[in-house]
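Okay, so here's the structure we're looking at.
Rule-based calculations on the coordinates, nothing more; no lab input. Just so you know, these numbers come straight off a predicted model, no measurement behind them. Every residue, glycine among them, receives a Cβ derived from its backbone with ideal geometry; neighbour counts consider all protein chains shown.
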Amino acid sequence: MSAFRSIEWLEEGVVRMIDQRRLPHETVYNDYTNYQTVAQAITDMVIRGAPAIGAAAAYGLALTTHHTAADGPYALQAELAQADAVLRKSRPTAVNLFWALDRMASLINRPDWVSIGDMQTAILAEAHAIAQEDVEINKAIGRNALQLIPDEATIIHHCNTGSLATVDYGTALGIIRMAHESGKQIMALLDETRPRLQGGRLSAYELKAQGVPFKVIVDSASGYYLRKGEVDLCVVGADRVVANGDTANKIGTYNLAVVAQANGVPFYVAAPTTTIDMALENGDEIDIEERSAQEVTHVGNWQITPDEVEVANPAFDVTPAEYITAIITEKGIVYPPFKENLAKIMSD
Ligand code: MRU
């Protein structure tokens, strides 16, 4: 398994994930053989990031199929429906989870299965396809973005959107990586991304290993650098982009977008089309996950607040489309008006 690949299928019917909660200090791989523990791994953020969660859910169904004791296709379909329902509840905001489960369901629910063996082969192949396509899509996003990045550029990035948040390679962080590999002089300013510190822990871990120059900054420092005129562009990932272009992403993204616009700095969202949800009209309809108080009261095992304080901990926010310069997808760069142009790209 490559150093940064988030998830892999092992031939004996095991799904292996790098435990992202332990990085960057320890590299630990966890093995899973059933959908219940895969769903728990998604909830607990062993694996996180919109595309990675989608691939994990698909492999959760492949595990169910591989280890089934069902005596025929109908019984297996019923077992998979149960697995689907549990996986669907593992996290609410990233649409890739539901996209991957819907794609798997349209295969699973075919009426013409003749044997369990056929189902095992086809369902595993579909999970592999979801994972492999994601890697190709990420690289296409990186290639499409090159035209937007000056030969010398300072780029602010929020959260982690690299290999670990996808299957391999990455979306917004993949753009930074590809720009560096193509010879551009890149300096990345990585928001540390409170409270789970995906930027300080995971993005920094990836860029360090890839030799991309970067500095970790606290989230509240981005305005300082934007106002000084030292930033050429901001690029972030997405958990859900809806039909009008409003975008849910890691908490703090909205603040960054507003300050970028106030300082005339382009703000780009990098998102595979698997993250675009044309069923929702605007960002107010997105279900925003509220996570545990302990993520805020503690850093690791260290409590930073007084005992028993009240905490609010939304994991994501919505950036209204008017703050987004463009959405970079594998099919091309989408500019405003997003409503028309997203509809066009999604129907191609
Ligand atoms: O809570 P997380 O770590 O799953 O949130 C991840 C993000 O917000 C990412 O920036 C987003 O999923 C894009 S992943 C390519």
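Classify segment 160-232 as rounded, prolate or oblate, taking a ≥ b ≥ c as the square roots of the eigenvalues of its Cα gyration tensor: rounded when a/c is under 1.5, otherwise prolate if a/b is larger than b/c and oblate if not. Oblate, since a/c reaches 1.5 and b/c is not below a/b.
Below 8 Å, C-alpha to C-alpha, sequence gap of six or more: please give me the relative contact order for segment 7-139 in percent.
Details: 176 pairs, mean separation 32.2, N = 133.
Dividing the mean separation by the residue count of segment 7-139 yields 24 percent.
The modelled label-to-label distance between VAL14 and SER347, using points 7 Å beyond Cα along the C-beta direction, is 4.9 nm.
Summarising the strand pairing of segment 148-347, around 40 percent of its internal DSSP beta bridges are antiparallel. Residue exposure proxy: ASP219, ASP118, ordered by other Cβ atoms within 10 angstrom of their Cβ from fewest to most, comes out as ASP118, ASP219. Helices assigned as whole DSSP H runs in the chain whose Cα atoms extend at least 15 Å along their own long axis and whose mean Kyte-Doolittle hydropathy is 0.5 or higher are found at 50-66, 95-108. Extension gain for the segment GLU152 to SER115, taken as residue separation times 0.36 nm less the Cα-Cα distance, is 7.6 nm to one decimal.
What FRET efficiency comes out for ASN301 versus THR33 if R0 is 45 angstrom and r is the Cβ-Cβ distance? Round to the nearest 0.05.
Using R0 = 45 Å, I get an efficiency of 0.95.
Any idea what the dipole of segment 7-139 comes to, in debye rounded to 20, about its Cα centre with Lys/Arg Cβ at +1 and Asp/Glu Cβ at -1?
Numbers: 10 positive and 17 negative charges, 110 e Å.
Roughly 520 debye, rounded to the nearest 20.
Each peptide in 42-54, 133-145, 164-176 receives the mean, over its residues, of other Cβ atoms within 10 Å, and ordering these scores from highest gives 164-176, 42-54, 133-145.
Determine the relative contact order of segment 174-268: mean sequence separation of Cα pairs under 8 Å and six or more apart, normalised by residue count, in whole percent. Please report the intermediate quantities before stating the final value.
Values: 106 pairs, mean separation 21.8, N = 95.
Relative contact order of segment 174-268: 23 percent.
The ellipsoid that matches the Cα gyration tensor of the chain has semi-axes, each √(5λ) in whole angstrom, of 33, 23, 19, with the longest given first. With both residues required to sit in the chain, DSSP beta bridges show an antiparallel share near 50%. Each of ILE186, VAL235, TYR225 was scored by the projection of its Cα onto the charge dipole of segment 148-347, and the greatest displacement toward the positive side belongs to ILE186; charges sit on the C-beta of Lys, Arg, Asp and Glu. Computed from label points 7 Å out along Cα-Cβ, the spacing between LYS89 and ALA3 is 4.0 nm.
Given +1 on the Cβ of Lys and Arg, -1 on the Cβ of Asp and Glu, and no further charges, what dipole in debye does segment 100-253 carry about its Cα centre, rounded to the nearest 20?
Charge dipole of segment 100-253: 500 debye, to the nearest 20.
Of ASP287, ASP191, ASP246, the residue with the greatest mean-square motion in the GNM of the chain, using alpha carbon springs below 10 Å, is ASP287. In terms of distances greater than 27 angstrom between alpha carbons, the cross-link table entries LYS89/LYS339; LYS184/LYS208; LYS228/LYS250; LYS184/LYS344; LYS228/LYS344; LYS215/LYS339 yield LYS89/LYS339; LYS184/LYS344; LYS228/LYS344; LYS215/LYS339.
For the chain, what relative contact order do you get, as a whole percent, if you take Cα pairs closer than 8 Å and at least 6 residues apart? Spell out each step's value before the answer.
Numbers: 714 pairs, mean separation 55.0, N = 348.
Once normalised by length, the contact order is 16 percent.
Amide H to amide H, with H built 1.01 Å from N, VAL216 comes under 5 Å of LEU190, counting only residues 5 or more places away or on other chains.
Within 10 Å of each residue's Cβ, count the other Cβ atoms and sort SER6, SER182 from fewest upward. All intermediate terms of the calculation are to be shown ahead of the outcome.
On the way: SER6 28, SER182 13.
Taking fewest neighbouring Cβ atoms as first place, the list is SER182, SER6.
Structure remark: mean-square fluctuation, Gaussian network model of the chain, C-alpha springs under 10 Å; the largest value among ALA127, ALA81, ALA271 belongs to ALA81.
Each helix, a run of at least 4 DSSP H residues, gives -39500 (n - 2.57); summed and divided by the residues of the chain, these come to -12000 deg cm²/dmol at 222 nm.
Could you tell me which GluC sites (Glu not before Pro) in segment 12-91 are loop residues by DSSP with no more than 15 other beta carbons within 10 angstrom of their beta carbon? Display every interim value, and only then the final one.
Numbers: sites: GLU12, GLU26, GLU79; in loops: GLU12, GLU26.
Taking segment 12-91 and a limit of 15 other Cβ atoms within 10 Å, the loop GluC sites (Glu not before Pro) found are GLU12, GLU26.
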